[in-house]
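In what follows, a single structure is set out as structure tokens and then discussed.
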Amino acid sequence: MTFAKKDQTLFICGRCGYESLKWMGKCPDCGEWDSLTQQVRRARSAAKRPVARIQSLTNLAPRQHTRLVTGIGELDRVLGGGIVPGSVVLIGGDPGIGKSTLILQLLSTLARDDRRVLYVTGEESAQQIRMRADRLGVRKEQIYLATENCVESIIAMTGELGPALLAVDSIQTMFSEEVGSAPGSVTQVRESTARLLALAKGSGLPVILIGHVTKDGAIAGPRVLEHMVDTVLYFEGDRGQVYRILRTVKNRFGPTNEIGVFEMKESGLAEVDNPSALFLAERPVNVPGSVVLPSIEGTRPILVEVQALVSPSSLGTARRTAIGADPQRLALLTAVLEKKIGVTLYDHDIFLNIAGGIRIDEPALDLGVVVALLSSLFEKTVAPAIVVCGEVGLAGEIRAIGQMNMRLREAERLGFKQFIMPDSNTQHLDAGPDSAMRVVGVQTLRDVVDNLFQ
């Protein structure tokens with residue numbers, strides 16, 4: 001005798017997805033208070049699922065997948081050359097940053113090749129999407145639009161239309177009929193993503209999901225959402241600025257930490273082909289506290305301006321503020337300067353900024369921060385034709401960094417004449433005899449001071 005399964009009442013954490021049979025004030029998994037909400041999990045049917053066939057890896061014939069080239073160069077770059085068939089791409093960002101604009105432009109470029117594309121929105125009406133499409137001047141012939149929140153209905157639409165790509169805006173507004181909780185809950189987001197993921201893998205249809213972010217900058221919903229999809233992209237930038245940075249956080253089919261740079265205009269997002277020239281366009285000349293750093297973002301070298309302001313503090317505890325860099329790294333470098341160079345910084349306010357709204361996390365930033373701090377403290381300018389990069393150790397040594405040849409070529413292409421780098425990197429450069437770049441190797445912070453501020 002078999003008994004029918006009943007619906008199950010659970011209390012699920014809205015932050016991490018922890019499940020409990022009873023309510024608790026504090027989630028035992030993530031420690032968040034008052035985050036467990038009551039949800040009903042519908043009983044699944046007792047029908048047997050088809051069992052996957054076991055295959056030997058050596059017997060599988062290699063298959064070359066042709067990527068779906070979007071026609072937007074910066075987007076193709078962060079995706080690793082285009083969209084892989086059957087992949088699921090998650091794009092997150094703050095409200096108003098340009099996610100929906102990017103999707104409409106993507107669908108327009110695909111429609112130019114007579115491909116049918118389906119845009120499903122759960123947030124806006126069809127007329128609102130039409131108004132945005134008219135403003136952006138997108139091609140509408142092959143773009144099909146649906147205002148729908150039910151995942152099962154969306155899957156049925158794709159079977160009827162047969163699109164080349166499915167875009168869902170946004171995943172937090174979707175729901176599955178088999179889950180009793182409200183749209184946007186942890187269970188609904190996870191179940192809706194799982195259904196769309198199964199659709200992509202089973203049919204080869206690429207799916208793009210738009211996701212909202214929380215006040216902490218993470219995509220709203222369970223953390224497992226980012227593990228389920230194939231690619232995660234974050235749209236970064238201040239809504240008060242015109243530049244947007246699309247960064248790859250996860251990519252199963254290409255490099256991570258790759259970035260694409262866009263400029264927001266009335267006609268939509270425009271690609272920026274030369275980000276280095278863009279970030280240095282408004283750099284002040286002969287001003288203390290400014291230095292140029294050649295950074296590597298993914299596979300792309302980008303020159304950015306590092307700015308520092310060091311001024312005496314009237315407070316009991318001096319302030320340390322970093323924008324676009326790690327504040328803890330700034331505190332570490334400040335301590336190393338005081339210990340190894342003998343400068344006094346404990347009673348000075350220090351403000352650090354990476355111009356252009358970009359964020360740099362690599363160790364090569366260390367030497368740029370140190371030079372900018374000393375330049376502002378000594379009120380001495382760094383020559384405009386000098387670039388610096390290198391990692392600074394706790395003993396005051398300058399350590400080698402990777403991809404130095406790529407940084408050197410980018411700096412030379414933009415007309416810089418002198419490159420201050422770790423001495424150990426100078427032994428592995430590919431610069432030819434006709435190179436106009438003067439390379440200066442430094443081993444310690446004292447060498448840096450002697451070369452720039454004596």
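The values are calculated or read from the model by the stated rules, or taken from the named source; none is laboratory data. The shown structure was predicted, so the numbers you read here are calculated from the model rather than taken from an experiment. Glycine also receives a Cβ, built like all others from the backbone with ideal geometry; neighbour counts cover every protein chain displayed.
Tabulated values for the structure
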item: Number of the exception - Gln307 against (1) without any contact (Cβ under 8 Å) to a residue 40 or more places away in the chain; (2) within 18 Å of Arg359 (Cα to Cα); (3) among the polar types (S, T, N, Q); result: (1)
item: Selection status of Gly71, in contact with a helix residue (DSSP H, G or I) (Cβ under 6 Å, 6 or more places away or on another chain) and over 25 Å from Gln172 (Cα atoms); result: yes
item: Set Leu365, Leu374: member being under 29 Å from the mean Cα position of the chain (by Cα) and closer than 20 Å to Leu330 by Cβ; result: Leu365
item: Members of region 104-154 found to be closer than 28 Å to Glu178 by Cβ, assigned to a strand (DSSP E or B) and hydrophobic (A, V, I, L, M, F, W, C), listed by number; result: Val117, Leu118, Val120, Leu145, Ala146, Cys150
item: All positions within region 155-169 that are aliphatic (A, V, I, L, M) and outside any loop (DSSP other than H, G, I, E, B); result: Ile155, Ala156, Met157, Leu161, Leu165, Leu166, Ala167, Val168
item: Residues of region 227-243 that turn out to be modelled with pLDDT under 90, in a strand (DSSP E or B) and within 11 Å of the chain's Cα centre (by Cα), as a count; result: 2
item: Hits in region 322-350 (condition: modelled with pLDDT under 95 and of a type in the set (Ser, Thr, Tyr)); result: Thr344, Tyr346
item: Selection count where residues are surrounded by fewer than 20 Cβ atoms within 10 Å (Cβ to Cβ), touching a strand residue (DSSP E or B) at 6+ places or on another chain (Cβ under 8 Å) and over 17 Å from Val304 (Cα atoms), scope region 226-241; result: 2
item: Scan of region 340-358 for residues that are loosely packed, with under 13 Cβ neighbours inside 10 Å and not aromatic (Phe, Trp, Tyr), ordered by number; result: Gly342, Thr344, Asp347
item: The lone exception for Gly254 - which of (1) without any contact (Cβ under 8 Å) to a residue 12 or more places away in the chain; (2) within 16 Å of the chain's Cα centre (by Cα) it fails; result: (1)
item: Total residues in region 80-109, condition of a type outside the set (Gly, Ala, Ser) and at pLDDT below 90; result: 3
item: From the options Val213, Val168, Val186, Val138, residue that is touching a helix residue (DSSP H, G or I) at 6+ places or on another chain (Cβ under 6 Å) and either among the aliphatic types (A, V, I, L, M) or not assigned by TED's automatic domain parsing to the domain that holds Gly93 (or both); result: Val138
item: Options Trp33, Trp23: the member that is surrounded by fewer than 14 Cβ atoms within 10 Å (Cβ to Cβ), touching a Leu at 6+ places or on another chain (Cβ under 8 Å) and modelled with pLDDT of 80 or more; result: Trp23
item: Single residue of region 257-270 satisfying the filter (touching a residue at least 60 places away in the same chain (Cβ under 8 Å) and in a strand (DSSP E or B)) that is farthest from Leu136 (Cα to Cα); result: Ile259
item: Members of region 6-24 found to be polar (S, T, N, Q) and farther than 19 Å from Glu178 by Cβ, listed by number; result: Ser20
item: Residue check, Thr248 buried (at least 21 other Cβ atoms within 10 Å of the Cβ), among the polar types (S, T, N, Q), in contact with a helix residue (DSSP H, G or I) (Cβ under 9 Å, 6 or more places away or on another chain) and at negative phi; result: yes
